[in-house]
Each structure stands twice: as C-alpha cells, then as structure tokens.
Amino acid sequence: MTRHVRTAIFPVAGLGTRFLPATKATPKELLPVLDTPLIQYAVDEARNAGIERMVFVSHPSKGAIERHVMEDARLTRELRERGKADVADALTNAAFCPRDDDVRFVMQTEPKGLGHAVLCARDEVLPGPVAVILPDDLILGPVGCLAEMIDAYETGKVGHLVATMEVPEDRVHRYGVLSGVEPDGVILKATGMVEKPKPEDAPSRHAVVGRYILDPAIFDALETQEPGAGDEIQLTDAIARGADSLGLGGFQFSGVRFDCGSKAGMLHATLELAMDDPDCAEVLKSRGLVSSRTDAVAA
C-alpha cells in the first residue's frame, strides 16, 4: 500500500451557527482573516503540500464556496478590461482551473458529523491515504502543517496521523486528547484518543486539531461507526478504533494554530496577520496593541 498522500478532503458543510448573523448568507469558510477567506488558506496549504485532488464536502446552500475556489473567467476578463490586470492575475492564481485542476464537490445534506462528512467523500478519493483539512483551524507558519505531516507520515510508523498541540490542563475538555503517548522521533505514538475529557480524567495534554492523514481503512470504519457525541458519526471514534491495528500517532506542527471557528480565535488570527501588514500595523500600534503570537497556540 502506497503512503503517498494524493487527496485532501475539506469538510465545509457546517452552518456556522457561532457566527450568525454573518453566516446567514455567507459560508463561514468565506469569512476573511484580514483580507483572505479561511478556505483559501486551507486550499493553499494543500496545494503547497503537493495534493493532487481536492474534494469539498459541502451543502446545497453553500454554492458560494464553489464559486470562490473555482476560476471566474468573466470576472477576471472584466478586471483586465478595467486595467486591473494585477488583481485579475492574483484571482486566477488563487483559483482552480476546471481544465487543469482535479477538484470534486460532494454534498452532505444532513448534519451527521465530521465522520459522516469524510465518508461522503469516499467515492471521490484517489487510492492511498487521504488528508482531511478543517478550514476553521487556521495554522500559520513558514512551512505548511500538512506538508510537515506528509513528510512525517511517509516514514511509515503509523497508519493514522493527527495534528496535535499541547494545551493547558483547563482546556483539554475542548478537544480530543491522545492517550498512551510515547515519543518516537517526530511522531507521538498513541494507543487511543479520548473525546473532550474532564481535566482530572485527561490521559495527556496532547490535543487533536484540524489536520489528519488517514489510512484508507478509515472509510470502512466510518461505514460501521455507531453515532457518538451529539448523535453524530465522530471521526475521532473511527480513528481510535484503528489505533491497535493500524497505529495512531500525533504530530506536533511547527506553526501557530488559531481556532477560527470561534469569534475570539478569528480576532486573534486577524490581529496576528495585521501586525505583518504595514498599514494595519500602524493602526494597531497607535492603539497600543501588540502581536498575539505568544498566546495563540492554545486558542
């Protein structure tokens, strides 16, 4: 079985209720962090990691996501006619070309959980392991998180690899947490995962965040997975079932993670990027604000 990761799945069917009313007409994945939508950061990360096929698991009400990620020939033509060739070039470079890029869209019409969303992509993935990227987990750094994970995954030590970060004890209840952790080079080998444990019951402080590389056996596991928390098909439950037979590992990425599924996390990320923009940085400094990088890792 090849360990080459060729497919990335983007689960984007959620309704974004925590951002209402902003997400009433605009998908949360299109909310901008400074001037770039969340989905664009995720797409760029996958591209830079060498992913060949992108599979978006969306909802019929969120057609704006497809319009954003795909090339808009009419818009770029109009921009060029108006003398805005630089803007047109930027949009073209960021978008997928229907002729040259391998992009698929499938619909998740019912909110049955992240595991169900991944299962919806089963018929569209290329052979081999698959990556899963949650766009509202924004990870910024010199090297993309997925690219780092693919390098680690190709060592062949585990079948399922999940991105992890250490969080304070009082925040473990917000995450899935690795159990039975034992370092093995760049990978933290684990015997399982516990979903949102109480601080006193947490087996570790290694929390799972929104990047996964999964053995293709995950689809068979999801197909037989019983509903878990919230009466949904939980991806973490299916991953944990394969820990013994396939091997489970955590990967501590080098970048900084922002929980852009929350308003506070979105603000954190925006302030961080604003500090690197000369115009915005002047505004922040005039207000006595400083970089949020130090605190963001546990956001």
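What follows is calculated from the coordinates using simple rules that are stated; it is not laboratory data. Everything numeric here is computed off the predicted structure, so don't read it as measured data. Counting neighbours? That spans all protein chains shown, and the Cβs are built from the backbone with ideal geometry, glycine included.
How big is the dipole moment of the chain about its Cα centre under a simple scheme where the beta carbon of each Lys and Arg is +1, that of each Asp and Glu is -1, and everything else is neutral? Debye, nearest 20, please. Can you show the working numbers first?
On the way: 32 positive and 46 negative charges, 106 e Å.
The dipole magnitude comes to about 500 debye.
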Q: Go ahead and set up a Gaussian network model of the chain, Cα springs under 10 Å, then flag whichever of LEU91, LEU235, LEU289 fluctuates most.
A: LEU289
Q. In deg cm²/dmol, rounded to 500, what helix-only [θ] at 222 nm does the chain give when every DSSP H run of at least 4 residues adds -39500 (n - 2.57) and the total is split over its residues?
A. -8500 deg cm²/dmol
Q: Return the percentage of antiparallel bridges among DSSP beta bridges fully within the chain, rounded to the nearest 5 %.
A: 60
Q. How far apart, in nm, are the 7 Å Cα→Cβ label points at ASP86 and SER286?
A. 2.3
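Just list whichever of LYS84/LYS263; LYS196/LYS285; LYS157/LYS263; LYS112/LYS198 have alpha carbons separated by over 30 Å in the model shown. Show your work: numbers first, answer last.
Values: LYS84/LYS263 33 Å; LYS196/LYS285 38 Å; LYS157/LYS263 37 Å; LYS112/LYS198 25 Å.
Flagged as over cut-off: LYS84/LYS263; LYS196/LYS285; LYS157/LYS263.
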**Q.** Backbone HN-Hα couplings from phi across the range 215-224 [Karplus 6.51/-1.76/1.60, Hz, Gly and Pro as x]
**A.** 4, x, 4, 4, 5, 5, 5, 5, 5, 10
(Q) Rounded to whole Å, give me the distance from the Cα center of the range 20-42 to that of the range 211-276. (A) 20
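Can you give me the relative contact order of the chain as a percent, contacts being Cα pairs under 8 Å and 6 or more apart?
On the way: 584 pairs, mean separation 64.3, N = 299.
Relative contact order, the chain: 21 percent.
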Q: State the answer as a single residue: which of LEU75, GLY210, TYR175 lies farthest towards the positive end of the charge dipole of the range 7-296, with beta carbon charges of +1 for Lys and Arg and -1 for Asp and Glu, about the Cα centre.
A: LEU75
